[in-house]
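For reference, the structure is listed below as C-alpha cells.
The values are calculated or read from the model by the stated rules, or taken from the named source; none is laboratory data. All values derive from a computational prediction rather than experimental measurement. Cβ coordinates were reconstructed from backbone atoms using ideal geometry, including for glycine residues, and neighbour counts include every protein chain displayed. Each accessible area value is taken on the protein alone, full model and side chains, heavy atoms only, with ligands, DNA and RNA left out. Shrake-Rupley method; radii C 1.70, N 1.55, O 1.52, S 1.80 Å.
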Amino acid sequence: MKLKDHDWDETKWRRYCYAYHRMVEEVDRQIGQILETLRSTGQEENTLIIFTSDHGEGLARHHWTGKMMYFDDEAAVPLIVSWKGVTPGGCIDNEHLAVTTDVLPTICDYAGLTPPEKMRGESLRPVIDKPDKHGHEYVVSEMCRNGQRTFMVRTKQFKYMSFPDNKPSEMFFDMNSDAGEMKNLAGQESHAGEIDRHPVMAGQHEKTD
C-alpha cells in the first residue's frame, strides 16, 4: 500500500486544492438554498436535517488525493444532525464515534419508526440528547482495492489499519498524541496489547453480519 497517490509538482497540487475548495463552495451554496426553502415554506421546525458524506478527500495530506485510504482526511466525514427545537443547538461532539450506518437508525428514531430488524448501526439520538452517554466502543471501515480487502478499526484513542500483502501491512496510530497520523506505531512492543486487540474487534464486527 503506497502512502501517496501522485508525484505532482507544486502547480498541480495548487490546481487540485483550488478545484477542491471551489467544489466546497458550491456545496455550501446548495445547502444554503435548501435551508432557505425550508424557512420560506414554514418547514424548518418540521424537518430533521442530516448532513454527511460517504467519504472524505486527501486534500494533499500524505500526498494523497481521493478516498481509498483510512487517514482521517479520507475516513473522517462531517456529520451534522439538526432539528430546530428538538436537537440541542450549537453542540460539537468530539467524543463519540459514529459511522454512516448509524444514519438510517437515527432517522428512524426521530421519525418514530421501527428500523429494519437486521441492520448495522445504532441510533445516535441517545448521545445527541445526552452527551454523557456511552456510544460505540469502536467502529470499523473496510473496502476492497485491487481485489484486496483492507480494513480500519477506530477506537477513541487509537486507529488500526490492515493492508494484507502490502508494505506496510499494518499501521497503528495514537490519535491523541499524533492527530496527523505521522508516526506508525505498528510493531512497537509498548503498544503490542492494543495492536493485537484491534483486529480482534474487527473480527467481532464481521460476526454480526
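Values computed for the structure shown
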item: Cys144, sole failed condition from (1) in a strand (DSSP E or B); (2) open to solvent by 40 Å² or more (accessible area, probe 1.4 Å); (3) touching a Ser or Thr at 6+ places or on another chain (Cβ under 7 Å); result: (3)
item: Boolean, Asn146 is under 18 Å from Phe71 (Cβ atoms) and polar (S, T, N, Q); result: no
item: Cβ pairs under 7 Å, 6+ apart, first in the stretch 112-123 and over 18 Å from Thr100 (Cα atoms), second among the aliphatic types (A, V, I, L, M); result: none
item: Search result, residues across the stretch 147-159 that are in contact (Cβ under 8 Å) with a residue 60 or more places away in the chain and open to solvent by 30 Å² or more (accessible area, probe 1.4 Å); result: Arg154, Lys156
item: Residue that is surrounded by the most Cβ atoms within 10 Å (Cβ to Cβ) [pool: residues in the stretch 161-178 that are modelled with pLDDT under 95 and outside any strand (DSSP E or B)]; result: Phe163
item: Qualifying residue in the stretch 126-137 (condition: part of a loop (DSSP other than H, G, I, E, B), modelled with pLDDT of 95 or more and aliphatic (A, V, I, L, M)); result: no
item: Single unsatisfied condition, Gly121 versus (1) open to solvent by less than 60 Å² (accessible area, probe 1.4 Å); (2) of a type outside the set (A, V, I, L, M); (3) assigned to a helix (DSSP H, G or I); result: (3)
item: Residue check, Glu189 open to solvent by 30 Å² or more (accessible area, probe 1.4 Å), over 21 Å from Leu48 (Cβ atoms) and touching a residue at least 24 places away in the same chain (Cβ under 8 Å); result: no
item: Of all residues in the stretch 87-118 being in a loop (DSSP other than H, G, I, E, B) and of a type in the set (Asp, Glu), the one that is least open to solvent (accessible area, probe 1.4 Å); result: Asp93
item: Candidate set from the stretch 27-86 (those that are among the polar types (S, T, N, Q) and open to solvent by less than 60 Å² (accessible area, probe 1.4 Å)); member that is nearest to Gln148 (Cα to Cα); result: Thr65
